[in-house]
Amino acid sequence: MKVFKFGGASAKDPEGLKNITEIIKTYGASDSLVVVISAIGKTTNALEDVVHAKIQDKNKAFELLLKIRQSHENYIQNLFLELPELLMEDINEHFVEVEWIIEEDREMSYDYMYDQIVSIGELISSRILYHWLLSIDIKAAWIDAREIIRTDDTWREGRIQWNVTNQQIQDALIPLLNEGKMIVTQGFIGSTMENNTVTLGREGSDYTAAILSSALAVKSMTIWKDVPGVLTGDPKTFENVTKLDRLSYTEAIEMTYYGAKVIHPKTIQPLENAQIPLYVKSFIHPTQSGTYISGDPDPEYPPIVVLEPNQALVHFSSKDLSFIAEYHLAKLFSLFDRFRIRVNMMRNTAISFTICTQHDEFKLNQLFEELHDEFRIVVDPELELYTIRHYNEYMLPELFKGKLILLEEKIRNTVQRVVKTTAPIVHKNKTT
Ligand code: ADP
Ligand code: ASP
Ligand code: MG
């Protein structure tokens, strides 16, 4: 048994979907196969815009939704010679459900509404792939991930209820796989005890694939990307990056924790627990070897650079100049947890405490509301956080040319720097 995951980039147009089918036929046909797909291209971003518009201007929300509907209809028309009626009906139903939500005047939490709307991207893409497979005579079954992935009701970041989820996956999928059917399902979505749709966090389809892999104890999982594998840095930002042929689970967890966008950070843990190897391969050059991630001992690594843009340093100091003591920190951290503010780096002095975090004004303003009476708060915006694993001293001056270093930490083989770009932005930096 194997799990394949295809992201938005691989299915961005009908040619992409046909390429996915070729990969499935060439590399998946000899085993039982579960295919996880995310929304087509940038559909999730477009659906986020609908959610946002609903708050301010319903008409705008309808207009944006219509655009998404039209682009999916064009996609389907370009793909199929004869439009599958059932597919068109199902897709219509998903769009009508969103129209109802936009129309709805009842108070509902933003995050709950977000999940109900944004989740249709995956429902639609998976239905298209399923009908395409049927049209070329591949035996397949479409599974609604909300029937198998059970979470709590943390909207936009549902936390997996492992026992129920594992059981539901096995009960629903194994009989179909035994009938020789390939499974097509959605990444990124699940449902709560009350059958409300929930999402697992942006880019969460990799994570869904790992949940399915571990529940089914598969032989391997492969995520098909637009890059040759895991590289020493994001090729969209850095020049001279090279492919890492092998990675340990631990190294992969570290890289993704610090923000390497190629794999969702929650993906590795379920795979490591079940000792399932993960391949990261190119859907453009599927014959190439990609990156192999496993429990094998670490090889020698070259320097690996991770860049997190849009960071801020937030400085808290007590208004009465009292020392920053444990009870202050306990209060700050319980609020970080409540507002889901992730601390990427931190430092304390006698009367102040500083964190580096994503500059999300909405979340930070909620936090500041709670703290204004007690703390003086200063924000340094427009910063970047660099993390370099396996660094060497002589690479640093070139990498940080024209950058002002505001905070630095070196622990063993990792250096982290929060920087402000002072020189004009050069789009490509060298990593070595
Ligand atoms: P998906 O299509 O599955 O959603 P993503 O776009 O989320 O795929 O992830 C692939 C992208 O990750 C690449 O196009 C690349 O720009 C980016 N990326 C960031 N860091 C790395 C890295 N270290 N190695 C490879 N790709 C990286
Ligand atoms: N479609 C979702 C997103 O863009 C999930 C994913 O692609 O992994 O975040
Ligand atoms: Mg993605």
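None of the figures in this text is laboratory data; all of them are computed from the coordinates on show. Quick caveat, the model's predicted, so the values are computed rather than measured. Note: ideal-geometry Cβ built from the backbone for every residue, glycine included; neighbour counts use all protein chains shown.
Things to note:
- The Cα atoms of segment 286-432 give a gyration tensor whose axes a ≥ b ≥ c have a/c of 1.5 or more with a/b greater than b/c, which makes the shape prolate.
- Residues of segment 71-110 with amide N under 20 Å of the 7 Å Cα→Cβ point at LYS12: 71-79
- Unit Cα scatterers, Debye sum, the chain: log10 I(q)/I(0) for q = 0.07, 0.14 Å⁻¹: -0.38, -1.40
- Between THR237 and TRP162, the FRET efficiency estimated from the beta carbon spacing at R0 = 35 angstrom works out to 0.50.
- Nearest-0.05 FRET efficiency for GLU374 and LYS410, computed from C-beta distance (R0 35 Å): 0.60
- With K and R counted +1 and D and E -1, the other residues having a Cβ less than 15 Å from that of LEU313 yield a net charge of -2.
- Degrees separating the helix 162-178 axis from the principal Cα axis of the chain, which is the longest one: 30 degrees
- Rounded to the nearest 20 debye, the dipole magnitude of segment 60-102 is 320 debye, with +1 charges on Lys and Arg beta carbons, -1 on Asp and Glu beta carbons, and the Cα centre as origin.
- Computed from Cα atoms, the angle from the helix 43-56 axis to the main principal axis of the chain rounds to 70 degrees.
- Reducing segment 134-158 and segment 273-325 to their Cα centroids gives an inter-centroid distance of 27 Å.
- The chain - share of DSSP beta bridges that are antiparallel (%, nearest 5): 60 percent
- For LYS243, the aspartates and glutamates whose Cα falls under 15 Å of its own Cα, not counting residues fewer than eight places away in the same chain, are ASP226, ASP234, GLU251, GLU300.
- 0 to 90° range, to nearest 10: angle between helix 326-338 axis and the chain longest Cα axis: 20 degrees
- Sequence-distant contacts, meaning Cα pairs under 8 Å at least 6 residues apart, place the relative contact order of the chain at 13 percent.
- Contour minus Cα-Cα distance for GLU147 and GLU179 (0.36 nm per residue): 9.6 nm
- Cα-centre dipole for segment 8-158 with unit charges at Cβ (Lys and Arg positive, Asp and Glu negative), debye to 20: 500 debye
- The count of lysine pairs in segment 42-199 whose Cα atoms are under 18 Å apart, excluding pairs fewer than 8 places apart on the same chain, comes to 4.
- Cα-centred dipole magnitude for the chain, charges only on beta-carbon of K, R (+1) and D, E (-1), debye, nearest 20: 1360 debye
- Integer Hz, Karplus 6.51/-1.76/1.60 couplings in order for segment 219-234, x for Gly and Pro: 6, 6, 10, 10, 10, 9, 10, 8, 10, x, x, 7, 10, 6, x, 5
- Per-residue packing, averaged as other Cβ atoms within 10 Å, sorts the ranges 189-199, 223-233 into the order 223-233, 189-199, beginning with the highest.
- Peptides 76-87, 207-218 ordered by packing proxy, namely the average of other Cβ atoms within 10 Å per residue, highest first: 207-218, 76-87.
- For the peptides 300-306, 372-378, 13-19, the ranking by mean Cβ contacts within 10 Å, running from highest to lowest, is 300-306, 13-19, 372-378.
- Paramagnetic reach from ASP245 in segment 287-329 [backbone N under 15 Å; point 7 Å along Cα→Cβ]: 288-294, 297-302
- The calculated FRET efficiency for the pair GLN358 and PHE323, based on their C-beta separation and a Förster distance of 30 Å, comes to about 0.60.
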